[in-house]
Amino acid sequence: MTGDARLIEEGSGEIETAAESGYPAAQSVLGFLWGMGLLRERSKQKAFVYHHFASDGGNMQSKMALAYTYTRQDMFDKSVKLYAELAEVAVNGFLISKDSPVIEPIRLHNGAEENKEALRKSKGEEDEDFQILEYQAQKGNAAAMYKVGLFYYFGLRGLRRDHSKALSWFLKAVEKGEPRSMELLGEIYARGAGVERNYTKAFEWLTLASKHHLYSAYNGIGYLYVKGYGVDSKNYTKAKEYFEKAAENDEVGGHYNLGVMFLKGIGVKRDVRLACKYFIVAANNGQPKAFYQLAKIFHLGVGFKKNVPLAIALYKLVAERGPWSSLSRWALEAYLKGDVGKAYMLYSRMAEMGYEVAQSNAAWILDKYGERSMCMGESGLCTDAERHQRAHSLWWQASEQGNEHAALLIGDAYYYGRGTVRDYDRAAEAYMHAKSQSNAQAMFNLGYMHEHGQGLPLDLHLAKRYYDEALVHDPAAKLPVTLALTSLWVRMNHADSILVVGGDMIFCLNCLMIYLNG
């Protein structure tokens with residue numbers, strides 16, 4: 001996928017031909033193009049049809065897009081079915097014992113300074129720190145060897161996953177006495193990642209790692225005993241003992257695996273409620289497989305009352321860690337290289353699939369870069385109106401998923417009539433959404449709207465309550481809140497004797513703070 005307008009136009013015809021020939025990948029891209037209104041009149045119906053065909057053909061990106069669409073339309077039975085399938089695919093790619101580090105998605109709109117470190121850590125082999133680390137590894141530093149292997153194995157710091165390179169570095173690190181590499185070697189041989197699968201070697205490496213008090217290795221050993229791989233025979237008693245050792249040492253995987261044993265009655269008496277307790281502990285510590293098990297419990301109503309909306313939310317968390325999430329890295333790489341158009345297209349693709357961060361990033365690129373975003377409309381480069389409308393739609397979707405920054409921007413757009421018709425009622429609705437996320441700016445804005453009767457009933461007492469709430473949630477808002485409360489006091493006590501002119505500007509707390517701090 002590219003941000004070059006000419007190439008997009010040339011490729012569009014080829015995509016249509018391939019889609020009509022029944023290729024799921026082409027049908028999926030065509031669904032995206034119709035949904036975007038890219039070089040064609042936007043049509044949600046045609047987008048849905050092409051995604052439906054692609055989904056039937058096994059295309060996971062279209063399944064994600066459909067699942068998200070069904071969720072927004074409250075068609076929960078269809079949504080949960082797709083998200084359950086997607087989450088299962090994602091879970092099957094997760095590791096046996098050691099969880100992969102969570103790669104936090106980068107929000108481009110956080111600000112240059114705030115994002116500087118995160119962006120720097122995503123430059124892969126071009127990153128100076130990585131080059132220094134690799135040089136140290138080549139000179140025989142065992143800890144550096146382990147870290148370089150780790151980066152390649154999990155695809156961290158913007159590197160592409162390379163299991164062969166990871167294996168090579170872990171073996172070198174072990175020769176230098178680095179114990180942490182032993183556990184990863186156990187994973188590699190158990191999964192056959194970059195090497196022929198060998199459970200016997202996996203067991204040997206995990207056992208060596210456990211002797212160095214690497215407690216997550218206990219999970220791998222327990223798994224091998226549950227399956228009877230690389231050991232004499234299945235032994236549920238030993239498996240449970242290893243999982244308990246891991247859990248006792250605050251290893252989250254131990255809680256998860258004990259949950260599985262009690263959920264399925266593997267070597268123990270089945271106890272769904274106890275299983276759920278283990279899964280909750282694991283989920284609270286970020287274990288994605290625990291979210292998956294909880295989703296299944298609430299989806300099917302196993303031991304608990306069925307709760308499909310909750311199951312959908314949990315499945316979605318897991319599904320978004322599937323292999324298709326690699327689009328996020330490609331988008332970031334394009335952005336770091338200055339190809340804003342390509343970054344915008346890739347983030348837009350993920351936005352359609354329901355990724356909130358991608359929705360925010362695509363919208364931010366449109367607002368920040370304007371024509372340079374290479375936004376393509378119905379008949380070429382987007383007009384200002386098309387670009388504003390597209391950014392507005394993306395921010396709105398992000399706000400629906402709990403992004404308070406997006407909700408504020410939507411509120412501001414309606415309040416000031418930026419890129420849309422001025423609508424105080426909808427502005428108030430967006431600010432209320434941001435307020436539900438305990439956002440002080442939204443509380444202040446709602447107070448202002450109540451004070452002036454804009455989109456909300458004129459209610460000075462309720463205005464004061466919102467101003468007070470804003471101060472509680474953000475002490476830095478003391479000055480603007482004090483000014484607002486002073487104005488409010490004048491309105492409440494001297495409305496008949498003093499002319500109070502209502503302004504048309506909501507205070508920007510951050511802007512005022514920046515101004516006062518000079």
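Figures for the structure shown
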quantity: Complete set of residues in region 190-230 that are surrounded by fewer than 17 Cβ atoms within 10 Å (Cβ to Cβ) and hydrophobic (A, V, I, L, M, F, W, C); calculated: Val195
quantity: Qualifying residues in region 91-116 (those that are farther than 24 Å from Ala247 by Cβ and part of a helix (DSSP H, G or I)) - the one modelled with the highest pLDDT; calculated: Leu108
quantity: Any pair with Cβ under 7 angstrom, 6 or more apart, that starts in region 45-71 at a residue that is under 15 Å from Tyr23 (Cβ atoms) and without any contact (Cβ under 8 Å) to a residue 40 or more places away in the chain and ends at one that is open to solvent by 50 Å² or more (accessible area, probe 1.4 Å) and of a type in the set (Gly, Ala, Ser); calculated: Asn59/Ala25
quantity: When residues of region 384-425 are limited to those that are surrounded by 14 or more Cβ atoms within 10 Å (Cβ to Cβ) and of a type in the set (Val, Ile, Thr), the one farthest from Tyr335 (Cα to Cα); calculated: Thr420
quantity: Set Lys269, Lys296, Lys289: member being modelled with pLDDT of 95 or more and either small (Gly, Ala, Ser) or closer than 24 Å to Glu241 by Cβ (or both); calculated: Lys269
quantity: Residue check for Glu134: without any contact (Cβ under 8 Å) to a residue 24 or more places away in the chain, surrounded by fewer than 23 Cβ atoms within 10 Å (Cβ to Cβ) and under 33 Å from the mean Cα position of the chain (by Cα); calculated: yes
quantity: Qualifying residue in region 181-189 (condition: of a type outside the set (A, V, I, L, M) and surrounded by fewer than 19 Cβ atoms within 10 Å (Cβ to Cβ)); calculated: no
quantity: So Gly259, is it surrounded by fewer than 21 Cβ atoms within 10 Å (Cβ to Cβ) and without any contact (Cβ under 8 Å) to a residue 60 or more places away in the chain; calculated: no
quantity: Test for Glu333: is it in contact with a strand residue (DSSP E or B) (Cβ under 7 Å, 6 or more places away or on another chain) and at pLDDT below 90; calculated: no
quantity: Wholly enclosed helices (runs of 4 or more DSSP H) of region 270-320 bearing at least 2 residues closer than 17 Å to Gly254 by Cα and of a type outside the set (A, V, I, L, M, F, W, C); calculated: 272-284, 288-300
quantity: Positions within region 23-44 being in contact (Cβ under 8 Å) with a residue 40 or more places away in the chain and open to solvent by less than 10 Å² (accessible area, probe 1.4 Å), in sequence order; calculated: Phe32, Gly37, Leu38
quantity: Among the residues listed as Leu456, Leu408, the single one being modelled with pLDDT of 85 or more and touching a Leu at 6+ places or on another chain (Cβ under 9 Å); calculated: Leu456
quantity: Inter-residue pairs, beta-carbon under 7 Å, first farther than 15 Å from Ser325 by Cα and in region 154-176, second among the basic types (Lys, Arg) and open to solvent by 50 Å² or more (accessible area, probe 1.4 Å), 6+ apart; calculated: Arg157/Lys121
quantity: Matching residues, region 426-454, being in a loop (DSSP other than H, G, I, E, B) and open to solvent by less than 30 Å² (accessible area, probe 1.4 Å); calculated: Asn439, Gln454
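The values are calculated or read from the model by the stated rules, or taken from the named source; none is laboratory data. What you are looking at is a predicted structure, and each value in this text was computed from that prediction instead of being measured. Neighbour counts are summed over all protein chains in view; Cβ atoms, including those assigned to glycine, are modelled from backbone coordinates with ideal geometry. For accessibility, only protein heavy atoms count, side chains too; no ligands or nucleic acids. Shrake-Rupley method; radii C 1.70, N 1.55, O 1.52, S 1.80 Å.
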